[in-house]
Ligand SMILES: [Zn+2]
């Protein structure tokens, strides 16, 4: 925990501890199926043996910006663009993965010095994340952390260094180094993105030679078989109960340090950055409950 003063409530708590805010918390608000979300599709490119994932991110980008406005979260244009490209890469990767996976990514960039955190539960299509632009560690290089949780199995973590400040290129490096296969990520313009990933017996030369301009013609030039359509919605599910869980250990250790004599503390959700105000009374009750 790194407590920091905020203008609103005197003291605040932020937790730039990426990579572990995945599952494990019991009480959260469920996804609202009435929220439109975005549709991501996967096709199998026959004879090339390539999995193609495609999505138009516009509505998810809008929801991200609404979330920022709702919680008075200010991000620079550079960081916002970086986040949205990472979100696009994340959706395309997730839709090509099994239903029962929960995934969290942290992309650490040295220049600009920023961490992008993303998390999603494929079961519900909930997807959220945040930008950490304060207290970001100086590291020797850019690093891509991916944590995957599958029911009844231990958490898998992979970590891959990457170059440059483009999340799409970072995902290509992740495929090459962590998944040991070719993955190509394309910005098709107009918030549309695509991922083409190698499957067994893939025509690798064809996949490597693909250009963004080829993608729009693919439905006509190749034989595509629809695999799945999935909906992803901007949704964290954080609420007062979860924030109490997050703060309880810090409060137990040093209540005075947390509240600094005040009656309330502002906490930013570690997953989505939403602002929550927690009272000392509520935290005392949470700790008493054990
Ligand atoms: Zn949240």
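Which order do the peptides 215-228, 45-58 come out in when sorted by mean C-beta neighbours inside 10 angstrom, highest first?
Values: 215-228: 12.7, 45-58: 19.4.
Top of the packing list down: 45-58, 215-228.
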- request: Within 10 Å, count the other beta carbons around each residue, average over each peptide in 183-195, 245-257, and list them highest first.
  value: 183-195, 245-257
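Computed FRET efficiency, Cβ-Cβ of residue 39 and residue 248, R0 51 Å: what is it to the nearest 0.05? Numbers along the way, then the final one.
On the way: r = 39 Å, r/R0 = 0.76.
Efficiency at R0 = 51 Å is approximately 0.85.
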- prompt: Using 7 Å Cα-to-Cβ label points, what is the residue 239/residue 49 separation (nm, one decimal)?
  reply: 4.8 nm
query: Taking the Cα atoms only, what angle lies between the long axis of helix 240-253 and the longest principal axis of the chain, rounded to 10 degrees?
result: 60 degrees
query: Under a point spin-label approximation (7 Å from Cα along Cα-to-Cβ), what is the residue 163-residue 228 distance to one decimal in nm?
result: 3.4 nm
- line: A correct fewest-to-most ranking of 155, 84 by other Cβ atoms within 10 Å would be 155, 84
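Mind giving me the FRET efficiency for residue 282 and residue 97? R0 is 30 Å, r the Cβ-Cβ distance, nearest 0.05 is fine.
On the way: r = 37 Å, r/R0 = 1.24.
It comes out at approximately 0.20.
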- request: Enter the angle in degrees (range 0 to 90, nearest 10) between the Cα long axis of helix 77-95 and the first principal axis of the Cα atoms of the chain, meaning the one along which they spread out most.
  value: 60 degrees
query: Could you state the number of Å between the C-alpha centres of region 163-197 and region 39-114?
result: 11 Å
query: So what is the 222 nm mean residue ellipticity for the chain from helices alone, if each DSSP H run of at least 4 adds -39500 (n - 2.57) and you divide by all residues, rounding to the nearest 500 deg cm²/dmol?
result: -8000 deg cm²/dmol
query: If we sort 91-98, 279-286 on the protection proxy, mean other Cβ atoms within 10 Å, highest first, what's the order?
result: 91-98, 279-286
query: Which FRET efficiency, nearest 0.05, do residue 176 and residue 221 yield, Cβ-Cβ r, R0 30 Å?
result: 0.70
message: Can you give me the angle between helix 58-70 and the longest principal axis of the chain, using Cα atoms only, in degrees from 0 to 90, rounded to the nearest 10?
response: 10 degrees
message: Can you compute the modelled spin-label distance between residue 153 and residue 257, with each label point 7 Å from Cα toward Cβ, in nm?
response: 3.8 nm
- prompt: Contour minus end-to-end for residue 29 and residue 69, with contour as 0.36 nm per residue of separation and end-to-end as the Cα-Cα distance?
  reply: 12.4 nm
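Where a number appears in this text, it was derived from the coordinates with a stated rule and is not lab data. Small disclaimer: the values here were computed from a predicted structure and weren't measured. Positions of Cβ are backbone-derived with ideal geometry, glycine not excepted, and every protein chain shown enters the neighbour counts.
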